[in-house]
1. Go through segment 178-224 residue by residue and tally those that are farther than 24 Å from Pro117 by Cα, out of contact with any Asp or Glu (no Cβ under 9 Å at 6 or more places or on another chain), open to solvent by less than 30 Å² (accessible area, probe 1.4 Å) and modelled with pLDDT of 95 or more.
2. Mind listing whichever residues of segment 33-50 are touching a strand residue (DSSP E or B) at 6+ places or on another chain (Cβ under 6 Å), within 17 Å of Gly216 (Cα to Cα) and not in a strand (DSSP E or B)?
3. Could you tell me whether segment 100-107 includes any residue that is under 24 Å from Asp73 (Cβ atoms), in contact with a Ser or Thr (Cβ under 9 Å, 6 or more places away or on another chain) and aliphatic (A, V, I, L, M)?
4. When Leu237 is evaluated against the numbered criteria (1) in a helix (DSSP H, G or I); (2) closer than 26 Å to Glu60 by Cβ; (3) open to solvent by 20 Å² or more (accessible area, probe 1.4 Å); (4) touching a residue at least 24 places away in the same chain (Cβ under 8 Å), which criterion, by number, is the only one it fails?
5. Go through segment 93-166 and tell me which helices (runs of 4 or more DSSP H), entirely inside it, have 1 or more residues that are open to solvent by 70 Å² or more (accessible area, probe 1.4 Å) and under 28 Å from Tyr243 (Cβ atoms).
6. All but one of (1) among the hydroxyl-bearing types (Ser, Thr, Tyr); (2) in a strand (DSSP E or B); (3) closer than 22 Å to Leu237 by Cα hold for Ser89, so report the exception by its number.
7. Determine whether Glu232 is surrounded by fewer than 17 Cβ atoms within 10 Å (Cβ to Cβ), on the phi < 0 side of the Ramachandran plot and outside any loop (DSSP other than H, G, I, E, B).
8. What residue, among those in segment 117-145 that are among the aliphatic types (A, V, I, L, M) and at pLDDT 95 or above, is nearest to Glu209 (Cα to Cα)?
Amino acid sequence: MQKILSLGVLGAALLAGTASAEVRDIRIGVDVPYEPMEYRTPDGELTGFDIELGNALCAEIGIQCEWVVQGWDGIIPGLMARKYDAIMSSMTINDERREQVLFSDPYITPPSAWFAPADVEVGTPSDESLEGLTIGVQRGTLQDNYVTDHYGDVADVNRYATADDMVLDMDAGRLDIVFLDFPIGKSTLLDSEAGDYKVVGEMITEPKEYFGDGFGIAFRQRDEELAAAFNEALATLRDNGTYDEIHAKYFGTE
């Protein structure tokens with residue numbers, strides 16, 4: 001069985017330009033499902049934008065990556081407990097998380113959005129329009145924090161372990177409206193054949209204290225060499241067109 005390459009050895013290999021000669025597994029934590037970012041195909045294979053981009057980054061560095069599925073509630077504790085070496089799971093870069101982890105450069109910056117059944121009349125989200133409604137969010141996410149702080153006193157907030165669980169309750173009519181990263185809401189609701197949904201109001205990217213600076217790969221704070229290797233690989237993939245190809249596969253070319 002291959003041993004996990006220690007960070008010191010990885011750093012030395014990268015500096016010496018011999019990473020490809022020292023191939024070892026790097027473990028990456030991911031919360032599944034969160035389509036189209038990370039999910040399983042019908043045959044059980046992990047896929048999605050994060051998965052494909054992560055594999056491409058590891059290939060560019062010259063290492064192999066092993067994906068470790070971890071529930072969102074424990075994903076940062078799992079990193080600290082060394083269950084894996086990085087997190088690549090649609091994690092928003094913000095100041096609160098920077099106190100715990102070291103982030104890569106942002107690799108995508110999606111907006112958040114409100115989604116509701118197409119036949120439900122909901123005005124632009126506000127204290128008045130959301131009063132008395134039941135709102136769905138994924139537990140522990142920035143969307144959870146935003147909704148709790150802004151509308152927790154006027155609406156019922158239902159929190160879910162996964163986006164799929166939330167969508168099931170939405171399809172069953174147990175939620176009036178949900179707040180999600182737009183790509184996830186588009187994939188699981190707008191593009192779903194199980195129901196008819198719409199976006200309510202405008203896309204949301206502010207304030208930064210909630211919505212941060214885009215998604216980043218999280219590392220333990222001392223793992224600066226590993227983060228630098230991923231940043232360099234990300235820049236290369238953007239320059240050579242690989243990033244655009246992967247992005248277009250999941251989000252189109254617009």
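1. Selection size over segment 178-224: 1.
2. Answer for segment 33-50, where residues must be touching a strand residue (DSSP E or B) at 6+ places or on another chain (Cβ under 6 Å), within 17 Å of Gly216 (Cα to Cα) and not in a strand (DSSP E or B): Gly48, Asp50.
3. No.
4. Of everything listed in (1) in a helix (DSSP H, G or I); (2) closer than 26 Å to Glu60 by Cβ; (3) open to solvent by 20 Å² or more (accessible area, probe 1.4 Å); (4) touching a residue at least 24 places away in the same chain (Cβ under 8 Å), Leu237 misses just condition (3).
5. Working: elements: 95-98, 127-130, 142-151.
Those helices (runs of 4 or more DSSP H) span 95-98.
6. (2)
7. For Glu232, the condition - surrounded by fewer than 17 Cβ atoms within 10 Å (Cβ to Cβ), on the phi < 0 side of the Ramachandran plot and outside any loop (DSSP other than H, G, I, E, B) - is met.
8. Let us first name the residues in segment 117-145 that are among the aliphatic types (A, V, I, L, M), namely 118, 120, 122, 130, 133, 135, 137, 142.
After this cut, where a residue has to be at pLDDT 95 or above as well, the list is 130, 133, 135, 137.
Values: Leu130: 22, Leu133: 25, Ile135: 21, Val137: 18 Å.
So the residue we want is Val137.
The values are calculated or read from the model by the stated rules, or taken from the named source; none is laboratory data. Here the structure is a predicted model, which means the values were calculated and not measured. Positions of Cβ are backbone-derived with ideal geometry, glycine not excepted, and every protein chain shown enters the neighbour counts. SASA here: full protein model, heavy atoms, side chains in, ligands and nucleic acids out. Shrake-Rupley method; radii C 1.70, N 1.55, O 1.52, S 1.80 Å.
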